[in-house]
Amino acid sequence: MQTSTLNPKSTPDTYTNADLHAMDARYYLPTFKRYPIALAKGQGSEVWDVEGKRYIDMLAGIAVSNVGHSHPEVVAAIQKQAEQLIHISNFYVSVPQMELAEQLVNLSGLARVFFCNSGAEALEGAFKVARKYAHQQGKGGTIYAFTGAFHGRTLATIATGKPAMQQGFGPIPEGFKTLPFNDIAALEKAYSEDMAAVVVEPIQGEGGVRPAHTEFLRQLRSFCDARGVALIFDEVQTGVGRTGAWFAKDHVQVQPDIITLAKGLGSGVPIGAILCNDKLSAVIDYGDHGTTFGGNPLACAAALATLRVIHNEELLATARSQGHWLRSEIRQWQLPLIEEVRGQGLMIGVVLKASAKPVVEKLLARGILANATADNVLRLVPPLNIPRALLTEVLDTLKQVLTEASP
């Protein structure tokens, strides 16, 4: 029988990037295509690898670190809460959980909240709430999503996504269908009494930073109201200030029945949330849903601090102005490789006429973190409080890289 031993490295500060990637290849399930660095420290909008090289972070943990890395107020809130109470289970309430619930209800205009640990969990819970509501109305339970959507990697959420994500994982759960994005006529044609809910990202993140048309979102609201169908806004990536408003729904003045949140809510401490209106909240009974870790005091304290920072530092306005400036600057280059610049706030997609992956690699080599999504879209989602000086440095480097790559 193999014996287990704990053998920590005696001098962890001597790891190299290569050391940690060798360990990754040896021990970690091969689910990620890693970039060839290992990050060790972050402050504000900058991070450093284990060998001391500095990078400007234009990815922010994939739109997670909305107030930057190690913001002093968030760090202080986590430290204080860790000294008092980290976890208690949801048999009991805590001050941070109740205060965060009140804040999110007030900010969203919805009625109730449920906390979980991730965006995929939030979508799973939202599907359950919507289906129970539909069943109580005598309707079926089919959830309709749109092409280009990404709602997570659980079995139910990949059922709403790209077929490539479903390969090898069958049988895929039934009751999920996909229709063309921004096409209300296709939804109207598909309607039947089996339709329980429509789920949409106001701006598709993994789908290429593709905004839903304002009129489409308003048509969705009217469509769902007329037929008793639940409307779910997946704001896992667009929420918590990313687009320059607390929620992307605020830009279009459309109130969904359910909002899902995660990513930027906890500044990197895992937390997700489902926000529901009174109508859908009323169908949930004791035991219908649950979580062990969701909404624990530590995660909620981090989220509360994050919301305070966004409010006190007026980061919604900053995200709007910085995002507008950034998009305008890139558009002015008129480089042949650039097809389009789109997005809202500091959720920006630079659409290229070729794969964006080589551009991401060249940026990494020159000290900038970004990523490619939908193959040909360079996604830029930096912290909302990134200084203009760092953005200028990014623009100078990006223009040079795109100029070199242009035909």
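The values are calculated or read from the model by the stated rules, or taken from the named source; none is laboratory data. Note that the structure is predicted; figures quoted are calculated from it, not measured. Quick reminder, even Gly has a Cβ in these numbers, built from the backbone with ideal geometry, and neighbours come from all protein chains shown. Calculation scope for accessible area: heavy atoms of the full protein, side chains included, ligands and nucleic acids excluded. Shrake-Rupley method; radii C 1.70, N 1.55, O 1.52, S 1.80 Å.
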- prompt: What about Thr306, is it assigned to a helix (DSSP H, G or I), in contact (Cβ under 8 Å) with a residue 40 or more places away in the chain and of a type in the set (Val, Ile, Thr)?
  reply: yes
query: Could you list, in sequence order, the residues of region 132-168 that are over 25 Å from Arg210 (Cβ atoms) and either assigned to a helix (DSSP H, G or I) or of a type in the set (A, V, I, L, M, F, W, C) (or both)?
result: Lys132, Tyr133, Ala134, His135, Gln136
query: Out of Glu73, Glu83, which single residue is over 25 Å from Thr318 (Cα atoms), in a helix (DSSP H, G or I) and either of a type in the set (D, E, K, R) or open to solvent by less than 20 Å² (accessible area, probe 1.4 Å) (or both)?
result: Glu83
query: Scanning region 96-105 for residues that are open to solvent by less than 50 Å² (accessible area, probe 1.4 Å) and not small (Gly, Ala, Ser), which turns out nearest to the chain's Cα centre (by Cα)?
result: Leu104
- request: State yes or no: is Asp288 closer than 30 Å to His87 by Cα, open to solvent by 20 Å² or more (accessible area, probe 1.4 Å) and either in a strand (DSSP E or B) or among the acidic types (Asp, Glu) (or both)?
  value: yes
field: From Val93, Val129, residue being of a type in the set (A, V, I, L, M, F, W, C), assigned to a loop (DSSP other than H, G, I, E, B) and either open to solvent by 50 Å² or more (accessible area, probe 1.4 Å) or in contact (Cβ under 8 Å) with a residue 40 or more places away in the chain (or both)
entry: Val93
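Residues that are open to solvent by 20 Å² or more (accessible area, probe 1.4 Å) and among the small types (Gly, Ala, Ser): which strands (runs of 3 or more DSSP E) entirely in region 317-384 hold 1 or more of them?
Hits in region 317-384: 338-344, 371-373.
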- request: Say whether the condition of being more than 19 Å from Thr178 (Cβ to Cβ), among the basic types (Lys, Arg) and open to solvent by less than 30 Å² (accessible area, probe 1.4 Å) is met by at least one residue in region 212-233.
  value: no
- request: Please tell me if Val67 is hydrophobic (A, V, I, L, M, F, W, C), in a loop (DSSP other than H, G, I, E, B), surrounded by 15 or more Cβ atoms within 10 Å (Cβ to Cβ) and in contact (Cβ under 8 Å) with a residue 60 or more places away in the chain.
  value: yes
